[in-house]
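Here the structure is laid out as structure tokens; the discussion comes afterwards.
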Amino acid sequence: MKPKVFITRAIPENGIQTLREHFEVEVWEDEHEIQREALLEKVRDVDALVTMLSERIDKEVFDSAPRLRIVANYAVGYDNIDVGEATRRGIYVTNTPKVLTDATADFAWTLLLATARRLIEADRFTRSGEWKRKGIAWHPLMFLGHDVYGKTLGIVGFGRIGQAVAKRASGFGMRILYNSRTRKAEAEKELVAEFKPLDELLGESDFVVLAVPLTKETYHMIGERELKLMKNTAILINIARGKVVDTGALVKALREGWIAGAGLDVYEEEPYYHEELFSLDNVVLAPHIGSATHGAREGMAELVARNLIAFKNGQIPPTLVNREVANVRKPGFE
Ligand code: NAP
Ligand code: GLV
Ligand code: GLV
């Protein structure tokens with residue numbers, strides 16, 4: 001009998017097709033995400049689970065899933081999963097690095113440029129007929145934004161995505177600063193990037209891009225103190241996780257002009273609505289779509305399938321998150 005996998009969302013068909021050759025596959029087809037109770041019910045007899053970043057996979061889920069051996073997260077970030085608890089139980093956890101790096105770095109730049117040049121405000125102005133109504137064809141002081149070329153870019157979290165963001169900056173003639181847990185000697189050389197303590201990076205950068213995972217250490221790492229260290233002409237871009245930034249402090253900073261603007265793809269809760277933040281003109285907002293390209297999402301689906309199939313064949317999955325789990329249980333369903 002084929003092992004059973006439950007997929008909590010309709011992921012791209014390429015991944016599902018491949019999985020069907022090796023697993024009995026059930027997909028949650030509803031447009032709305034699966035409710036907690038339904039998830040706890042669905043996992044009761046599954047051997048494998050494909051999850052989204054919007055699902056909390058914790059002790060309660062594991063308790064409900066006695067057969068569960070592997071959780072393949074359809075995301076690179078896995079802060080939604082209690083990995084320690086999974087490891088203790090011998091449950092393998094995988095994620096989807098690399099295949100979404102370029103798409104997400106492109107999107108960081110999309111937000112950066114759109115925020116700097118006030119693209120969304122300008123689009124609203126043009127599309128609504130306001131431009132025509134005003135009757136001013138061109139004005140030297142209309143929609144002035146911030147220069148990007150030749151400015152200083154500060155990247156917080158210099159991993160795959162952070163470095164891909166830096167790579168794109170060379171075309172913009174930028175000075176590149178970065179902060180990370182550890183120094184990256186090779187990347188420093190290749191990308192001409194300077195390591196800076198966080199406070200210095202914040203003080204010197206015209207654009208700050210957040211690309212860290214959400215952990216205990218990065219929770220609210222950008223708060224009131226940090227926002228006050230930034231230049232009042234600087235722009236903050238968050239494509240990491242919402243909880244890396246203290247939203248209350250950010251709203252204050254944007255309203256009171258401690259910083260010039262923000263481009264956000266991620267929020268402290270999702271889906272999100274924040275009346276005051278969303279009413280500000282100096283923010284550009286996206287609904288967590290950093291990796292949302294056809295190519296990246298298909299790559300993620302394929303990688304999820306590769307992880308599950310490798311595990312089924314008794315191999316260590318290619319993008320295993322909890323390496324120590326192999327000491328608890330060998331890969332495979334029996
Ligand atoms: P990665 O390669 O693991 O890079 C993360 C980097 O952050 C690493 O270089 C790490 O440093 C650094 N870091 C960790 N804790 C830190 C801290 N306390 N202070 C400073 N730096 C710290 O991961 P990635 O593939 O680039 O992805 C990064 C994150 O982006 C994901 O975890 C996810 O949350 C988010 N993401 C969002 C989207 C989206 O749709 N918006 C898409 C993809 C990813 P070391 O190398 O020294 O460990
Ligand atoms: C998206 O946010 C991811 O972590 O893949
Ligand atoms: C702008 O359109 C210019 O020609 O300077």
Quiz item: How big is the charge dipole of the chain about its Cα centre, in debye rounded to the nearest 20, if each Lys and Arg gets +1 on its Cβ and each Asp and Glu gets -1 on its Cβ?
Solution: 780 debye
Self-check item: Net +/- balance of residues flanking Pro213 in space, Cβ distance below 14 Å, scoring K and R +1, D and E -1
Solution: +3
Quiz item: Of all DSSP beta bridges in the chain, what percent run antiparallel (nearest 5)?
Solution: 0 percent
Quiz item: How far apart, in nm, are two points set 7 Å out from the Cα along the Cα-to-Cβ line at Trp131 and at Glu41?
Solution: 5.2 nm
Exercise. Tell me the label-point distance for the pair Tyr272, Arg255, using the 7 Å Cα-to-Cβ offset, in nm and rounded to one decimal.
Key: 1.7 nm
Practice problem: Starting from the Cα-Cα distance between Arg67 and Arg225, subtract it from 0.36 nm times their residue separation and give me the gain in nm to one decimal. | Solution: 52.2 nm
Exercise. Enter the accessible area of His220 (Å², nearest 10), with the probe set to 1.4 Å and all protein chains included.
Key: 60 Å²
Practice problem: Could you tell me the distance between the Cα centroids of the stretch 248-298 and the stretch 105-167, to the nearest Å? | Solution: 14 Å
Self-check item: For Arg44, solvent-accessible area (1.4 Å; no DNA, RNA or ligand), Å²
Solution: 130 Å²
Self-check item: Rounded if a/c under 1.5, otherwise prolate or oblate - the stretch 98-217, Cα gyration tensor axes
Solution: prolate
Self-check item: Protection-proxy order for peptides 157-169, 19-31, each taking the mean of Cβ atoms within 10 Å per residue, highest first
Solution: 157-169, 19-31
Quiz item: What ranking, highest mean first, results for peptides 187-195, 126-134, 144-152 when packing means the other Cβ atoms within 10 Å averaged over each residue?
Solution: 187-195, 144-152, 126-134
Quiz item: To the nearest 20 debye, what is the magnitude of the charge dipole of the stretch 194-259 about its Cα centre, counting +1 on the Cβ of each Lys and Arg and -1 on the Cβ of each Asp and Glu?
Solution: 300 debye
Quiz prompt | Shape call, the stretch 1-105: gyration tensor on alpha carbons, a/c limit 1.5 | solution = rounded
Quiz item: Which value, in debye to the nearest 20, describes the size of the charge dipole of the stretch 1-80 about its Cα centre when Lys and Arg Cβ atoms bear +1, Asp and Glu Cβ atoms bear -1, and nothing else is charged?
Solution: 320 debye
Exercise. Return the subset of Lys132/Lys252; Lys167/Lys196; Lys4/Lys330 for which the Cα-Cα distance in this structure is over 23 Å, preserving the input order.
Key: Lys132/Lys252
Exercise. With a 1.4 Å probe and all protein chains in place, put Lys216, Lys2, Lys243 in order of accessible area, largest first.
Key: Lys216, Lys2, Lys243
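Per the Cauchy relation, a quarter of the hull surface: what is the mean projected area of the convex hull of the alpha carbons in the chain, in nm²?
If you wrap the Cα atoms of the chain in a convex hull and average its projections, you get 18.9 nm².
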Practice problem: Between beta-carbons, use under 14 Å as the cut-off and find the net charge around Arg306, counting Lys and Arg +1, Asp and Glu -1. | Solution: -1
Quiz item: From the phi of every residue in the stretch 213-230, what ³J(HN,Hα) in whole Hz does the Karplus formula 6.51 cos²θ - 1.76 cosθ + 1.60 yield, where θ is phi - 60° and glycine or proline is x?
Solution: x, 7, 9, 4, 6, 9, 4, 6, 5, 10, x, 4, 4, 5, 5, 6, 6, 6
Quiz item: Can you work out the FRET efficiency for the pair Lys189 and Lys98, with r the C-beta to C-beta distance and R0 = 25 Å, to the nearest 0.05?
Solution: 0.70
Quiz item: Rounded, prolate or oblate: which fits the stretch 153-214, taking a ≥ b ≥ c as square roots of the Cα gyration tensor eigenvalues, rounded meaning a/c under 1.5, else prolate when a/b beats b/c?
Solution: rounded
Quiz item: Helix-derived [θ] at 222 nm for the chain: sum -39500 (n - 2.57) over DSSP H runs of at least 4, divide by residue count, nearest 500?
Solution: -10000 deg cm²/dmol
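Taking 0.36 nm per residue of sequence separation and subtracting the Cα-Cα distance, how much length would be gained by fully extending the chain between Glu60 and Val27, in nm to one decimal?
So the extension gain works out to 9.8 nm.
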Practice problem: Set Lys and Arg Cβ to +1 and Asp and Glu Cβ to -1, take the dipole of the stretch 204-334 about its Cα centre, and tell me which of Leu236, Ala292, Asn282 lies farthest positive. | Solution: Ala292
Quiz prompt | Amide hydrogen neighbours beyond the local backbone of Val209, cut-off 5 Å, H modeled | solution = Gly154, Ile155, Val156, Ile237
Quiz item: Looking at Met221, Phe125, Val209, which one has the Cα that reaches farthest to the positive end of the dipole of the chain (charges on Cβ: Lys, Arg +1; Asp, Glu -1)?
Solution: Val209
Quiz prompt | Mean Cβ count within 10 Å, highest first, over the residues of peptides 36-43, 89-96, 252-259 | solution = 89-96, 252-259, 36-43
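The values are calculated or read from the model by the stated rules, or taken from the named source; none is laboratory data. Quick caveat, the model's predicted, so the values are computed rather than measured. Cβ: placed from backbone, ideal geometry, glycine included. Neighbour counts: every protein chain shown. The protein model used for the area step is the full one, side chains on, heavy atoms only, and it has no ligands, DNA or RNA in it. Shrake-Rupley method; radii C 1.70, N 1.55, O 1.52, S 1.80 Å.
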